[in-house]
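See structure below.
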């Protein structure tokens, strides 16, 4: 009698990562979190400078090293002509539209407190899957630009 005959043998397949929908949600949610941190820092009068690791090549020695560099985070909002703040949600370099026609791509808020509330609500909506169709459409448009 072999030792293996004492075990219960089954066919197993490991699940490979997250679904594309969940990956896109997570990506957008992380970017919205950065915007929340940026808005909070501006409200408190400080700078927001997240860092990331980058591998660089020393031209003299030819040696690779990992250094910490500041990641550039651009604001997704601007002040319009009427004095209100317009918040645009971006997936990659493309703006997400919030209506079926594709014409409304910004959320209008009155001040920085409302901006923080809008960003947090937007993050929650993304995590709950309310913007999945808009993210999918924007993602498709973004990928189409790479196929040219």
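The values are calculated or read from the model by the stated rules, or taken from the named source; none is laboratory data. None of these values were measured; they are calculated from a predicted model. Cβ sites come from the backbone with ideal geometry, for glycine too, and all protein chains shown count toward neighbours.
If only residues of the stretch 88-112 that are outside any loop (DSSP other than H, G, I, E, B) and free of Cβ contacts under 8 Å to residues at least 40 places away in the same chain are counted, the one that is nearest to the chain's Cα centre (by Cα) is 88. Restricting 95, 84 to those that are closer than 26 Å to residue 24 by Cβ, at pLDDT 90 or above and surrounded by 10 or more Cβ atoms within 10 Å (Cβ to Cβ) reduces the list to 95.
Checking residue 48 against (1) within 19 Å of residue 120 (Cβ to Cβ); (2) assigned to a helix (DSSP H, G or I): exactly one of these is not met. Which one? Failing condition for residue 48: (2). Would you mind stating whether residue 11 is in a loop (DSSP other than H, G, I, E, B) and more than 23 Å from residue 93 (Cα to Cα)? The answer is yes for residue 11. Please determine, by comparing only the residues of the stretch 115-130 that are surrounded by fewer than 16 Cβ atoms within 10 Å (Cβ to Cβ) and touching a residue at least 24 places away in the same chain (Cβ under 8 Å), which one is farthest from residue 27 (Cα to Cα). Filtering the stretch 115-130 for residues that are surrounded by fewer than 16 Cβ atoms within 10 Å (Cβ to Cβ) and touching a residue at least 24 places away in the same chain (Cβ under 8 Å), the one farthest from residue 27 (Cα to Cα) comes out as 120.
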